[in-house]
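Q: Pasting a structure here, questions to come.
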Amino acid sequence: MKKHLRLLAAQLFAAVLVLTALSGPARADTPVGDAQLAAEWQAAWDTHRFYENTPPAPGSGRSRAEDSISITIDAPISRVFPAYIDFENHIGKHSFLKRVVTHRDRFVGAERHIDLTAVEEIPYEGTTVTINTHAQQRVNYQGHYYETDSWTFPGVVTHQKIVFTRLSGTRTEVTEYLTFEADTSMIDFAIANGVASHQATQAALKQAIENHDL
């Protein structure tokens, strides 16, 4: 799995570095301040409308692909759900995640809405490429699920719904429904890389929760 992720990362960031020469959102220099990340989040939200779940129009040059992955964790939902929804707990579990910057955290009705940016740092050919994924997480405590919409340069949009189900005994099933949107030339890579990354994070969270590290 790690070898697969390294290969996918190398392919992605080779492409990102080429595109960065034209556009610049990915960085290989000093960390971006939280205020600037908040401004970038708002610009992505307003410009790319990554919260909209409408399939790309025919002829737009963009495509959509869907997949789902599940894992069973030997722990009760009362432990699994709060541990899983806290993205700070994903640091060190997700392959390259270094920081989670929360811009706004509030309740809208019964749902908790969190605007955030996930900062990933990937070593690549002697430098470090920083990728900022701007996202909104919406947590439904009563239904034991959360949804996340995100945008990552160069234009990859991800819609997620993560559902937590009580099983017999003290086990919990976590099912992630994943939808990826990207330029048609990148969609196969986006779904392969995205699914592999989520599977690795699932496995790491399972281990941490079962070992009572979370």
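The values are calculated or read from the model by the stated rules, or taken from the named source; none is laboratory data. Everything numeric here is computed off the predicted structure, so don't read it as measured data. FYI the Cβ positions are ideal-geometry reconstructions off the backbone, even for glycines, and counts take in every protein chain you see. Note: areas computed on protein heavy atoms with side chains; ligands, DNA, RNA excluded. Shrake-Rupley method; radii C 1.70, N 1.55, O 1.52, S 1.80 Å.
The rows are residues; the columns are (1) outside any helix (DSSP H, G or I); (2) modelled with pLDDT under 95.
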| site | (1), (2) |
| --- | --- |
| T165 | yes, no |
| S168 | yes, yes |
| E173 | yes, no |
| E176 | yes, no |
| M186 | no, yes |
| A190 | no, yes |
| N193 | no, yes |
| A196 | no, yes |
| A200 | no, yes |
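Q: Hey, another quick one. Restricting attention to the stretch 202-214, and to residues there that are part of a helix (DSSP H, G or I) and open to solvent by 40 Å² or more (accessible area, probe 1.4 Å), which single residue is nearest to P154 (Cα to Cα)? Steps first, please.
A: The first filter runs over the stretch 202-214 and keeps only residues part of a helix (DSSP H, G or I), leaving 202-210.
Still in the running and open to solvent by 40 Å² or more (accessible area, probe 1.4 Å): 203, 206-207, 210.
Working: A203: 27, K206: 31, Q207: 32, E210: 36 Å.
Out of the qualifying residues, it is A203.
Q: Okay, next question. When only residues in the stretch 140-190 that are touching an Asp or Glu at 6+ places or on another chain (Cβ under 6 Å) and among the aliphatic types (A, V, I, L, M) count, which is farthest from I77 (Cα to Cα)?
A: Only one residue tops the list, namely V157.
Q: Of these, V163, V157, which one is touching a residue at least 24 places away in the same chain (Cβ under 8 Å), buried (at least 16 other Cβ atoms within 10 Å of the Cβ) and of a type in the set (A, V, I, L, M)?
A: V157
Q: Among the residues of the stretch 166-201, write down those that are crowded, with 20+ Cβ neighbours inside 10 Å and among the aliphatic types (A, V, I, L, M).
A: Correct list: V174, A182, A190, I191.
Q: Could you say which residue among Y146, Y141, Y124, Y177 is more than 17 Å from the chain's Cα centre (by Cα) and under 30 Å from R62 (Cα atoms)? Talk me through it step by step, then tell me what you get.
A: Details: Y146 fails: more than 17 Å from the chain's Cα centre (by Cα); Y141 fails: under 30 Å from R62 (Cα atoms); Y177 fails: more than 17 Å from the chain's Cα centre (by Cα).
Only one candidate passes the filter, namely Y124.
Q: Here's something else I'd like to know. Out of all the residues in the stretch 81-131, which are among the aliphatic types (A, V, I, L, M) and either exposed (fewer than 13 other Cβ atoms within 10 Å of the Cβ) or closer than 16 Å to S150 by Cα (or both)?
A: Residues of the stretch 81-131 that are among the aliphatic types (A, V, I, L, M), as a first pass: 83, 85, 91, 97, 100-101, 108, 110, 114, 116, 118-119, 122, 129, 131.
Matches in the stretch 81-131: I85, L97, V100, V101, V108, A110, I114, L116, A118, V119, I131.
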